[in-house]
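**Q** Pasting a structure here, questions to come.
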Amino acid sequence: VLAILVGCGQAENSLLLLNKLPDVKAINITGNNVFSEGGLKKLMALQEGTWWNPFRDHKYREAQLQTDLNAITTHYLRHGYLRAHVQNYSVRESKGDVTIDIVLSEGEPTTVKEVSLRGVPSDLRKNVEKNLGLKSGKAMDPFRLVEDQQVIANILADDGYWNAKVDATVQYFGNEGLVFYA
């Protein structure tokens, strides 16, 4: 019984601390031409408060804002916008509410011009090419580049090449990238 009472006291104190945080009144995103403001807001854990849904968490936390800004940047990277970044952001507080303004710089998209495989046995080449995520004409995704390295290593390991090491390099020419797996 004592453990339950102590636990309830801690939970109550946590709720009291949460109530002291300001509410997110609005989130404004500018500089986005490729993705909609609503779509980018869905990537964020911080949400604008609404009168019709009081149970949704809309408290402002600085650490969460940093995570949300990283999520937006990662979204752009995954779609080939390698130069995209948060140019600026500001948090304005007024009467216990917070307004977050985010300014983005998207840059130009980068695509994969060609994917080159080196050192892969000819009998495995088609299987490897079929399973690669980066393909000619698609968006350059640095995360998929790393995933493809593991895909190649796994295919080689399945065929008995246990010690195979896969290196990936990209050479950029303007807004196109040549991908080399060795």
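**Q** For Tyr161, which of the numbered conditions (1) modelled with pLDDT under 95; (2) hydroxyl-bearing (Ser, Thr, Tyr); (3) touching a Phe, Trp or Tyr at 6+ places or on another chain (Cβ under 9 Å) fails to hold?
**A** Condition (3) is where Tyr161 drops out.
**Q** Please state which of the following conditions Val98 fails to meet, knowing it meets all the rest: (1) among the hydrophobic types (A, V, I, L, M, F, W, C); (2) over 13 Å from Leu43 (Cβ atoms); (3) in a helix (DSSP H, G or I).
**A** Val98 satisfies every listed condition except (3).
**Q** For segment 109-127, indicate whether the set of residues that are open to solvent by 40 Å² or more (accessible area, probe 1.4 Å) and under 30 Å from Asp68 (Cβ atoms) is non-empty.
**A** Looking only at segment 109-127, we keep the residues that are open to solvent by 40 Å² or more (accessible area, probe 1.4 Å), and these are 109, 111, 113-115, 118-119, 122-123, 125-127.
Narrowing further to those that are under 30 Å from Asp68 (Cβ atoms): 109, 111.
Yes, segment 109-127 contains a residue that is open to solvent by 40 Å² or more (accessible area, probe 1.4 Å) and under 30 Å from Asp68 (Cβ atoms).
**Q** Keeping to segment 21-37, report how many residues are modelled with pLDDT under 95 and over 15 Å from Tyr89 (Cα atoms).
**A** Total meeting the criteria: 4.
**Q** Within the group Gln150, Gln87, which residue is part of a helix (DSSP H, G or I), open to solvent by 90 Å² or more (accessible area, probe 1.4 Å) and modelled with pLDDT of 95 or more?
**A** On the way: Gln87 fails: part of a helix (DSSP H, G or I).
Only one candidate passes the filter, namely Gln150.
The values are calculated or read from the model by the stated rules, or taken from the named source; none is laboratory data. All of these numbers come straight from a predicted model, not from anything done at the bench. Cβ: placed from backbone, ideal geometry, glycine included. Neighbour counts: every protein chain shown. Calculation scope for accessible area: heavy atoms of the full protein, side chains included, ligands and nucleic acids excluded. Shrake-Rupley method; radii C 1.70, N 1.55, O 1.52, S 1.80 Å.
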